[in-house]
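Data first, discussion second: the structure below is written as structure tokens.
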Amino acid sequence: MAIKPVLRMGDPRLLEPSRPVRKFRTDELNNLIADMRDTMKSLNGAGLAAPQIGVNLQVVIFGVEKNPRYPDAEEVPFTILVNPKLTPVGDDIEEGWEGCLSVPGMRGLVPRFLKLRYQGFDETGKKIDRTVSDFHARVVQHECDHLAGILYPMRIRDLRNFGFTAELFPDEEIADE
Ligand code: NI
């Protein structure tokens, strides 16, 4: 399909709550997902939410392949998640560094639930129900926040832990998300 421009923080469309998808196996949904995959891949992102390309629907995609350059980064299976519902498992919260394609060149330290259950549907309407933790749980929380109009800087507890990637991590070569 097509690589779409990613909206950046400050665009009011990123603050709108998204609507649920009502019908599966439609051209509208299939084309949206194809555009999201192309856009995420072109930018080397770990995830993308539909509102980031200006579509106000509850659709997120995410996935992180094993990368020899980042041996410590956990693998997250490529997932298309529609109409997600998140339920934290336990009260444990962990802070971790995040970036976002809508906030390019920056990183912030964000608290997230360590473990959570997520439910929803794949692109064909098949149910998804997983309980995950750590980085996988973080990626899901970040992407689903976009559907509620929340960008990660809004969750940073101490804004001293927010800045430009090149200044925060001068010795590391880090992709934008
Ligand atoms: Ni993001």
(Q) Being of a type in the set (Val, Ile, Thr), part of a helix (DSSP H, G or I) and either in contact with a Phe, Trp or Tyr (Cβ under 8 Å, 6 or more places away or on another chain) or touching a residue at least 40 places away in the same chain (Cβ under 8 Å) (or both) is true for just one of 80, 33. Which residue is that? (A) 33
Q.
Please count how many residues of the range 1-39 are exposed (fewer than 14 other Cβ atoms within 10 Å of the Cβ), within 17 Å of the chain's Cα centre (by Cα) and among the acidic types (Asp, Glu).
A. 1
Q: Give the residue, chosen from 107, 112, that is buried (at least 20 other Cβ atoms within 10 Å of the Cβ), in contact with a helix residue (DSSP H, G or I) (Cβ under 8 Å, 6 or more places away or on another chain) and either farther than 18 Å from residue 52 by Cα or at pLDDT below 95 (or both).
A: 112
Q: Within the range 120-135, identify whether any single residue is within 16 Å of the ligand (Cβ to nearest atom), touching an Asp or Glu at 6+ places or on another chain (Cβ under 7 Å) and in contact (Cβ under 8 Å) with a residue 60 or more places away in the chain, and answer yes or no.
A: yes
Q | Conditions (1) more than 12 Å from the ligand (Cβ to nearest atom); (2) over 30 Å from residue 22 (Cα atoms); (3) surrounded by 19 or more Cβ atoms within 10 Å (Cβ to Cβ); number of the one not met by residue 99 | A | (1)
Q: Could you list all residues from the range 132-177 that are open to solvent by 50 Å² or more (accessible area, probe 1.4 Å), at pLDDT 95 or above and assigned to a loop (DSSP other than H, G, I, E, B)?
A: 148, 157, 158
Q. Quick one: in the range 41-56, which of the residues that are within 13 Å of the ligand (Cβ to nearest atom) and over 17 Å from residue 135 (Cβ atoms) is most open to solvent (accessible area, probe 1.4 Å)?
A. 43
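The values are calculated or read from the model by the stated rules, or taken from the named source; none is laboratory data. Keep in mind it's a predicted model, so treat the numbers as computed, not measured. In this analysis, Cβ positions are derived from the backbone assuming ideal geometry, glycine residues included, and neighbour counts consider all displayed protein chains. Side chains are part of the model used for accessible areas, which takes the heavy atoms of the whole protein and leaves out ligands, DNA and RNA. Shrake-Rupley method; radii C 1.70, N 1.55, O 1.52, S 1.80 Å.
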